[in-house]
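In what follows, a single structure is set out as structure tokens and then discussed.
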Amino acid sequence: LHLSPSLTRGTIVKARDKLYHPECFMCDDCGLNLKQRGYFFIEEQLYCETHAKERVKPPEGYDVVAVYPNAKVELV
């Protein structure tokens with residue numbers, strides 16, 4: 001459930017220019033609250049890392065790797 005900015009009061013979570021109640025910011029599969037965790041949008045749905053990986057199939061020979069903002073990534 002995302003909120004209209006004109007109706008929002010109190011604590012909110014903003015993701016992809018949408019506003020959510022913290023209690024509603026959860027994985028669409030398992031209901032895990034994503035407020036203090038990484039989250040993934042796939043076809044406009046929110047997922048935890050576990051369920052996002054189940055939906056993304058990389059090309060053969062590659063792995064799905066989550067990269068978080070400000071993470072130091074070294075390509076080899």
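Below, the figures for the structure above:
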{"read-out": "Accessible area, probe 1.4 Å, largest first, for residues 12, 42", "value": "12, 42"}
{"read-out": "Accessible area (Å², per residue) of the range 13-55, counting only protein heavy atoms and a probe of 1.4 Å", "value": "64 Å²"}
{"read-out": "Net charge dipole size for the range 13-55 [Lys, Arg +1 and Asp, Glu -1 on Cβ; Debye, nearest 20]", "value": "200 debye"}
{"read-out": "Solution diffusion estimate, µm²/s, Stokes-Einstein, the range 13-55, Kirkwood Rh from C-alpha pairs, 25 °C, viscosity 0.890 mPa s", "value": "240 µm²/s"}
{"read-out": "Protein accessible area in the range 13-55, 1.4 Å probe - carbon and sulfur %", "value": "42 percent"}
{"read-out": "Hits among aspartates and glutamates - C-alpha to C-alpha of residue 18 under 16 Å, sequence gap 8 or more where chains match", "value": "28, 43, 44"}
{"read-out": "Accessible area of residue 29 in the full protein assembly, 1.4 Å probe (Å², nearest 10)", "value": "70 Å²"}
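The values are calculated or read from the model by the stated rules, or taken from the named source; none is laboratory data. Predicted model, so just to flag it, every value in this text is computed and none were measured. A quick note on method: Cβ atoms are made from the backbone with ideal geometry, for glycine too, and the neighbour counts reach across all protein chains shown. The protein model used for the area step is the full one, side chains on, heavy atoms only, and it has no ligands, DNA or RNA in it. Shrake-Rupley method; radii C 1.70, N 1.55, O 1.52, S 1.80 Å.
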